[in-house]
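Encoded as structure tokens, the structure appears first; notes follow it.
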Amino acid sequence: MMPTTSSRRAAVASTAPAPAAPPAKRDRTHYLYIAVIVAVALGIAVGFIAPDFAKELKPIGTGFVSLIKMMISPIIFCTIVLGVGSVRKAAQVGKVGGLALGYFIAMSFVALAIGLVVGNIIHPGSGMHLTEAVKGVGHTQAQAAAEGPVDFLLGIIPTTFVSAFTEGQVLQTLLIALLAGFALQAMGRTGEPVLRGVEYIQKLVFRILGMIMWAAPVGAFGAMAAVIGETGMDALKALGTIMLGFYVTCFLFIVIVLGTLTKLVAKVNLFQLLKYLGREFLLIVSTSSSESALPRLIAKMEHLGVSRPVVGITVPTGYSFNLDGTMIYLTMASLFIADAMDQPMSIGQQIGLLLFMMVASKGAAGVSGSGIAVLASGLQSHKPALVDGVGLIIGIDRFMSEARAVTNFAGNAVATLLIGTWTGEVDKERVDRVLAGELPFDEKTLLDEDSDEHLDGVPEQGGEKELAKA
């Protein structure tokens, strides 16, 4: 019996090789970050060659950071609403938040202790001489940061539902997003279309962020040229001791403390995680603000395999309460000023001052210059005679701000992974594959098209999926 045409076609189809998969699109953002490095180098050169001209470039860097900050509130809102609204049990959200706050407080004490030990060993301010020209600077900074704990707590409540987005306050956005998430959670299946709509809005916001990132080389050039033009080599040489001591202390904190926790708890090599976040660190160094990388940290930690609820709660909260680099900075800067003014503090005075600063610093997330304002206000409250010395450190604060921001960012990335591990909200197999380079991050959309699939696969208490399909 002769085979039919259809049977012959089926036979050919069964033996023919499968069509080759379309070639993967080349990651053009690789060139973007090479351009950022080149722009930073050019900015440094311009700052030294033409310092007066370089100072005029400061608005360029400020403008780029403002563009990034413009996107933070909608990204935080979408992430938290999706994370909280999709969890079936409200108690789980409270568990993640409580664990996160407890971890943040513990790490703040560790950072303060390390800063105290190093500061009392190297005495960075010895030999400095205070001049009349710098005395007024500290009082100006103290007035700018004069906010008590009651004002801080009331400041978390926005004036209106919409003002949380327009004023750019991270904690206000966090509050509104949590309320919206819990409301959608209570609505059950009725709220699923809203969740799906928020998911599409999140994709839109991240796509806009990806477009803004192409301005990073211009922003990095302007920011770096301005700081070199304003600072110059004289301040760097004169204050080199505290700068070097601070950088070394931050490095030791990241490698020893964070590295040990990451290895013991999450079974992850810290250097692999830092390599995965390498582009974010470059962005932070270029802009001196960890906020510039906050949206990308949210996207990358979700891509890594940490569940949406953990990322949505831990990252935004950590930017206000997990400021490890700022804690180290406040410690060493206080000791530096006390030594420089020949008014050394006893251990008891140091501890009392720094505990106050730990509370005062909450909410002063990675914005350049926020650390020195908290420093001035803390000295004004506990030892007013030292406020005159804040001006000594103004010249190099921008360079110390970079180390603060990098340390804060690393601390929040590690915190997200650790809390996800403790709550069982991490896909460990996916973490290994991502860090090994098998699942590259989509730099174009900053989101995974299959994000629902891999997030739904994360084990959750009660056996329920995180996000019910609409």
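The values are calculated or read from the model by the stated rules, or taken from the named source; none is laboratory data. Every value quoted in this text rests on a predicted model; they were computed, and no experiment measured them. FYI the Cβ positions are ideal-geometry reconstructions off the backbone, even for glycines, and counts take in every protein chain you see. Surface accessibility is based on the protein's heavy atoms, side chains included, excluding ligands, DNA and RNA. Shrake-Rupley method; radii C 1.70, N 1.55, O 1.52, S 1.80 Å.
Taking every C-alpha pair closer than 8 Å and separated by at least 6 residues, the mean separation divided by the residue count of segment 274-352 gives a relative contact order of 16 percent. Measuring between their Cα centroids, segment 197-221 and segment 263-320 lie 17 Å from each other.
About its Cα centre, segment 235-359 has a charge dipole of approximately 560 debye under the convention of +1 per Lys or Arg Cβ and -1 per Asp or Glu Cβ, with nothing else charged.
3J(HN,Hα) along segment 416-430: 4, 5, 5, 5, x, 5, 4, 8, x, 10, 10, 8, 5, 5, 5 Hz, from the Karplus curve 6.51 cos²θ - 1.76 cosθ + 1.60 with θ = phi - 60°, whole Hz, x for Gly and Pro. The share of C-alpha pairs in segment 384-429 whose separation exceeds 15 Å stands at 64 percent. Measuring against 27 Å, Cα to Cα, the residue pairs LYS69/LYS203; LYS203/LYS263; LYS275/LYS428; LYS95/LYS383 contain LYS203/LYS263; LYS95/LYS383 as the ones spanning a longer distance.
With all protein chains in place and ligands, DNA and RNA left out, the 1.4 Å accessible area ranks THR79, THR62, THR159 as THR159, THR62, THR79, largest first.
For segment 248-320, with all protein chains in place and a probe radius of 1.4 Å, 73% of the accessible heavy-atom surface sits on carbon or sulfur.
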